[in-house]
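All of the numbers you see were taken from the coordinates with simple rules; none came from a lab. What you see is a predicted model, and the numbers here were worked out from it, not measured in a lab. So basically every Cβ, Gly included, is an ideal-geometry build from the backbone, and we count neighbours across all protein chains shown.
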Amino acid sequence: GVCVTGTNSTFRISDGIITGNTANVLGGGVSVEGGSFEMKGAAAVSGNTATVCGGGVCLYGAEAEFTMGGTAKITENETLGMGGGVYICESGTVTMSGTANIVGNSAVHNGGGVTVWDGTFTMNNSASITGNNAPKSGGGVYVAENGTFTMNNSASITGNSANDGAGVCSDGEF
């Protein structure tokens, strides 16, 4: 996959695909360690795996930012830990807009679509989280006690599955 490191580093993808990668620890498709990652157009992060967290994208560090817009998708990624699609920790920031979609991802623990462990996640416009699975909590989104999750406009979370909180399970701020 891709590893973005350093506060001044930026990786942008538009209409491309990151697929078929495996990380032994974090971020099967993309790992953002203090820089920024931007997906737009019809870009996709699909079919990636991480052993610990963030099958598709892992974001960590106070300077780490991830922006997802247009018709971008994070789809069919998996992890043995948390955050099948996206994992956010150590004060990272993620913003979804347009008709961006996190769909069909899975986590063995919490947050099939997204885990907000310690950071901020915002959904705007018609962004959606659909058809993700986590056997424990938060099929769509899991928000830990130090996480913050905000939905605006017509953003939606539908058709996800989990034992607790199929759409959203929040121990943090929602």
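Compute the signed sum of charges (Lys and Arg +1, Asp and Glu -1) over the other residues within less than 9 Å, Cβ to Cβ, of SER91.
On the way: positive: none; negative: GLU63, GLU90, ASP118.
Summing Lys and Arg as +1 and Asp and Glu as -1 gives -3.
A Förster distance of 22 Å, applied to the separation of the beta-carbon atoms of THR51 and CYS3, puts the FRET efficiency at 0.90.
Considering only ASN146, GLY55, HIS109, and ranking their Cα positions along the charge dipole of the chain that arises from unit charges at the beta-carbon of Lys, Arg, Asp and Glu, the one farthest toward the positive end is GLY55. The base-10 log of I(q)/I(0) for the range 1-87, evaluated at q = 0.23 Å⁻¹, reads -1.02 [Debye formula, identical scatterers on Cα atoms, solvent excluded].
In debye, nearest 20: dipole of the range 1-153 around its Cα centre with unit charges on the Cβ of K, R (+) and D, E (-)?
Numbers: 4 positive and 10 negative charges, 61 e Å.
Dipole of the range 1-153, to the nearest 20 debye: 300 debye.
How much length would be gained if the chain were fully extended between SER126 and GLU173, taking 0.36 nm per residue of separation minus their Cα-Cα distance, in nm to one decimal?
Working: separation 47, 0.36 × 47 = 16.92 nm, distance 2.14 nm.
Between SER126 and GLU173, full extension yields an extra 14.8 nm.
Between the C-alpha center of the range 1-80 and that of the range 92-163 there is a gap of 15 Å.
Approximating the spin labels as points 7 Å out from Cα along Cα→Cβ, the GLU38-to-THR71 distance works out to 2.1 nm. Count Lys and Arg as plus one, Asp and Glu as minus one, and take only other residues whose Cβ is under 15 Å from that of ILE129; the net charge is then 0.
Find the relative contact order for the chain and round it to a whole percent, using C-alpha pairs within less than 8 Å whose residues are 6+ positions apart. Intermediate values should be presented prior to the final figure.
Details: 697 pairs, mean separation 26.3, N = 174.
Answer for the chain is 15 percent.
Please label the shape of the chain as rounded, prolate or oblate, based on the square roots a ≥ b ≥ c of the eigenvalues of the alpha-carbon gyration tensor (a/c under 1.5 means rounded; beyond that, a/b larger than b/c means prolate, else oblate). Because its axes are fairly even, with a/c under 1.5, the chain counts as rounded.
What does the charge add up to near GLU38, with Lys and Arg as +1, Asp and Glu as -1, over the other residues with Cβ less than 13 Å from its Cβ? Residues near GLU38 contribute 0 overall.
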